[in-house]
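J.: Could you have a look at this structure, given as structure tokens, before my questions?
The values are calculated or read from the model by the stated rules, or taken from the named source; none is laboratory data. These numbers were taken from a predicted model, which means no experiment stands behind them. Because the Cβ atoms are built from the backbone with ideal geometry, glycine has one as well, and the counts that use them run over all protein chains shown. With ligands, DNA and RNA removed, areas are computed over all heavy atoms of the protein, side chains included. Shrake-Rupley method; radii C 1.70, N 1.55, O 1.52, S 1.80 Å.
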Amino acid sequence: MTLEQGMRALAPLLGDAVVVHANGHISRRSFGVQDRPGNFYMIGSMGLASSIGLGVALSRPDRRVVIYDGDGNLLMNLGSTAMVASTQPENFIHVVWDNGVYASTGNQPAVSRTVPLEKIAEAAGYRESVRARTVEELTAAFARCLEVPGPTFVLAEIEVEAGPFKAARVNHTPEEIRDRFSQAIRE
Amino acid sequence: MAAHASSFPTDPVAPAAFLEALRTEGYDFFTGVPCSLVSGLIAALEQHPGTEYYPETREDAAVGLACGAFMAGRSPVVVMQNSGLGVCVNALTSMTLMYRTPCLLLITWRGYEGKDAPEHIIMGEVCGKLLETIGVPHRAPTPETLAGDLAWATAYQRSHSAPAALLLRPGVTL
């Protein structure tokens, strides 16, 4: 499964969820697949997508919050899994797109090649945590997350893609991203 | 606390009174990482009914939590020691300041006037300059000016849609 295939499979399932995106390819690919006002593109502050999303989820328990995280991002802020587990937000779905590399900087290896992040989430105390290896497994896992109380965690195993990354950069200004995301939370 | 000599001749502001002042200013989402200089304030935050305090694992994650809370309509406060300011520099510059999401940073000033354990001396000397360098305005209140400086920090956040900081020296509160 490529990142784009996985995102295209989940796009119709997102509904009115707000989605906080990790920086780099994850934001850019999702922007190209389906730009939505409820998408927060974190263009800097690597590692903090799950923290930002948790702040939303705790503030608005009535809104479903999805995190599109990366393996490198999560490794940079592993304490976030403990925070999510300790606060137990029922409205929190954590998807980690895991290719085992720092793809946005040229596919340098990450320790997620050997460290199973979904087991860290499970041990921390997410209610459910699974690894999805195919588009079908991912779709089924995400559909289940929509049915059960969170926090839930889905590790989506994706391919390392060689060659230049072909996706536009997010063309909204940071303040536009902030304002339309805030508005989407309120709607 | 007892380990830190107060910088002031007057009594510190009681934590309950400080928390009430924060609530009166409209703050309704609290997170952070503790410092002994504000252990009383954090205890007050944890015990106050109807006040949400989320103890974070790192200061930059607390800043991330606050950014999300702001976009979800809350008025966040992040409590940290100035050692944590070093941890937060990227979160502040590439998130909070870039997206212009206000939050109140309550930063304890360890190493004030060079009187502290060795690990606090350098940050104690530079924390104010560091805030200035990255563009976060700050004041260092005394017990007498705390209420007024808090009002200033709130007004700055609203008028500039940006964070503001109060550097809390030993003896400002407990």
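J.: Could you run through the range B:135-154 and say how many residues are open to solvent by less than 50 Å² (accessible area, probe 1.4 Å), free of Cβ contacts under 8 Å to residues at least 40 places away in the same chain and part of a helix (DSSP H, G or I)?
T.: Final tally of qualifying residues: 2.
J.: Let me ask something additional. Among the residues that make up the range A:154-168, is at least one of them away from chain B (no Cβ under 14 Å) and under 18 Å from residue A:53 (Cα atoms)?
T.: Taking every residue of the range A:154-168 in turn, at least one turns out to be away from chain B (no Cβ under 14 Å) and under 18 Å from residue A:53 (Cα atoms).
J.: Right, here's the next one. Among the numbered criteria (1) more than 8 Å from chain B (Cβ to nearest Cβ); (2) without any contact (Cβ under 8 Å) to a residue 40 or more places away in the chain, which one does residue A:69 miss?
T.: (2)
J.: Answer yes or no: is there a residue in the range B:83-91 that is within 14 Å of chain A (Cβ to nearest Cβ) and either within 25 Å of residue A:184 (Cα to Cα) or polar (S, T, N, Q) (or both).
T.: yes
J.: Among the residues that make up the range B:109-129, is at least one of them within 21 Å of residue B:154 (Cβ to Cβ) and of a type in the set (Gly, Ala, Ser)?
T.: Yes: one or more hits.
J.: Still on this model: Mind counting the residues in the range A:42-56 that are in contact (Cβ under 8 Å) with a residue 60 or more places away in the chain and crowded, with 24+ Cβ neighbours inside 10 Å?
T.: Result for the range A:42-56: 1.
J.: Is it the case that the range A:91-105 has a residue that's closer than 20 Å to residue A:150 by Cα, touching a helix residue (DSSP H, G or I) at 6+ places or on another chain (Cβ under 6 Å), open to solvent by 10 Å² or more (accessible area, probe 1.4 Å) and not small (Gly, Ala, Ser)?
T.: So far as the range A:91-105 goes, yes, one or more of its residues are closer than 20 Å to residue A:150 by Cα, touching a helix residue (DSSP H, G or I) at 6+ places or on another chain (Cβ under 6 Å), open to solvent by 10 Å² or more (accessible area, probe 1.4 Å) and not small (Gly, Ala, Ser).
J.: Limited to the range B:97-134, what total is found for residues that are in contact (Cβ under 8 Å) with a residue 24 or more places away in the chain, of a type in the set (Val, Ile, Thr) and surrounded by fewer than 21 Cβ atoms within 10 Å (Cβ to Cβ)?
T.: 1
J.: Please work out which residue is nearest to the chain's Cα centre (by Cα), limiting yourself to the range A:146-187 and to residues that are of a type in the set (Phe, Trp, Tyr) and modelled with pLDDT of 95 or more.
T.: That would be A:153.
J.: Only residues that are within 12 Å of chain B (Cβ to nearest Cβ) and either open to solvent by less than 10 Å² (accessible area, probe 1.4 Å) or outside any loop (DSSP other than H, G, I, E, B) (or both): list them for the range A:13-38, please.
T.: A:18, A:20, A:22, A:38
J.: Could you tell me which of the residues B:89, B:79, B:63, B:33 is open to solvent by 10 Å² or more (accessible area, probe 1.4 Å) and within 21 Å of residue A:86 (Cβ to Cβ)?
T.: Step by step, each of B:89, B:79, B:63, B:33 is checked, and only B:33 is open to solvent by 10 Å² or more (accessible area, probe 1.4 Å) and within 21 Å of residue A:86 (Cβ to Cβ).
J.: Within the range A:142-177, can you find the residues that are assigned to a helix (DSSP H, G or I) and either surrounded by fewer than 20 Cβ atoms within 10 Å (Cβ to Cβ) or free of Cβ contacts under 8 Å to residues at least 40 places away in the same chain (or both)?
T.: The answer is A:143, A:144, A:146, A:147, A:174, A:175, A:176.
J.: Please verify whether residue B:50 is in a loop (DSSP other than H, G, I, E, B) and either at pLDDT below 95 or open to solvent by 30 Å² or more (accessible area, probe 1.4 Å) (or both), treating the condition exactly as stated. Walk me through how you get there before you give the answer.
T.: On the way: in a loop (DSSP other than H, G, I, E, B): yes; either at pLDDT below 95 or open to solvent by 30 Å² or more (accessible area, probe 1.4 Å) (or both): yes.
Criteria met by residue B:50.
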